[in-house]
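The values are calculated or read from the model by the stated rules, or taken from the named source; none is laboratory data. None of these values were measured; they are calculated from a predicted model. Here the Cβ is made from the backbone with ideal geometry for all residues, glycine too, and neighbour counts use every protein chain on show.
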Amino acid sequence: MLRVARRTGPGTAAEVIAEREECLRTDPDFALQVKAVEDERTAVAAAVRQAERPILDDLEEVGLTLNTVWDLYKFPELREKAIPVLLRHLVLDYPDRLVQGIGQGLADKSARPWWAELKALYLKPQRDPVRDRLAAALAECAKREHYDDLLTFIANSAHGESRIYFLRPINRIGNRISPGQGRQVIERLAQDMVLGREASAILKGLGPNVG
């Protein structure tokens with residue numbers, strides 16, 4: 001763990017930076033720790049860039065030339081073309097950071113025509129980061145016609161914490177189907193060990209507790 005200098009009280013950003021620079025100059029052990037952390041960060045970033053190359057190549061084939069998959073949001077008019085590519089790559093053995101980027105591209109209403117594919121992948125055994133991104137995408141795409149699927153997802157504890165994403169669309173869509181219908185579902189989950197915190201936030205009108 002990187003050791004940081006102790007302060008006796010709060011300081012400005014400039015003071016914190018100056019203190020860190022002083023430690024780098026005068027404390028060889030601290031300087032070595034900083035270098036090790038920076039080297040590791042650089043190596044991770046390089047590994048992600050290398051792993052991302054096949055995705056970017058496939059996206060280019062459908063007309064999207066990107067420096068990184070994270071830039072997909074800049075091309076909303078072309079986003080739908082990317083969905084089949086992202087679906088293929090999401091479940092492959094990529095670093096978690098890259099899974100986040102692929103999943104961000106799927107969490108958009110343009111993915112609605114692929115609800116069946118997203119659902120099928122979600123219901124299969126997946127790594128936690130993959131399942132999390134699939135849940136986020138399904139929650140973003142959910143419409144009234146998907147309400148029963150959402151209830152099925154939320155009832156299956158095997159899906160773990162990823163189910164948190166479904167609480168708000170269940171509340172929203174259920175209440176539109178019939179006043180209070182979605183809220184009743186959320187109320188029943190307010191004491192759930194996994195879903196209770198987010199359910200309680202919804203009932204209080206607070207923002208999401210998911211990242």
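Key figures for this structure:
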read-out: The range 73-98: number of residues that are touching a Phe, Trp or Tyr at 6+ places or on another chain (Cβ under 7 Å) and surrounded by fewer than 16 Cβ atoms within 10 Å (Cβ to Cβ); value: 0
read-out: The lone exception for R97 - which of (1) in a helix (DSSP H, G or I); (2) more than 12 Å from the chain's Cα centre (by Cα); (3) modelled with pLDDT under 95 it fails; value: (2)
read-out: Residue satisfying condition, being out of contact with any Asp or Glu (no Cβ under 8 Å at 6 or more places or on another chain) and within 29 Å of I55 (Cα to Cα), within set A158, A111, A107, A135; value: A135
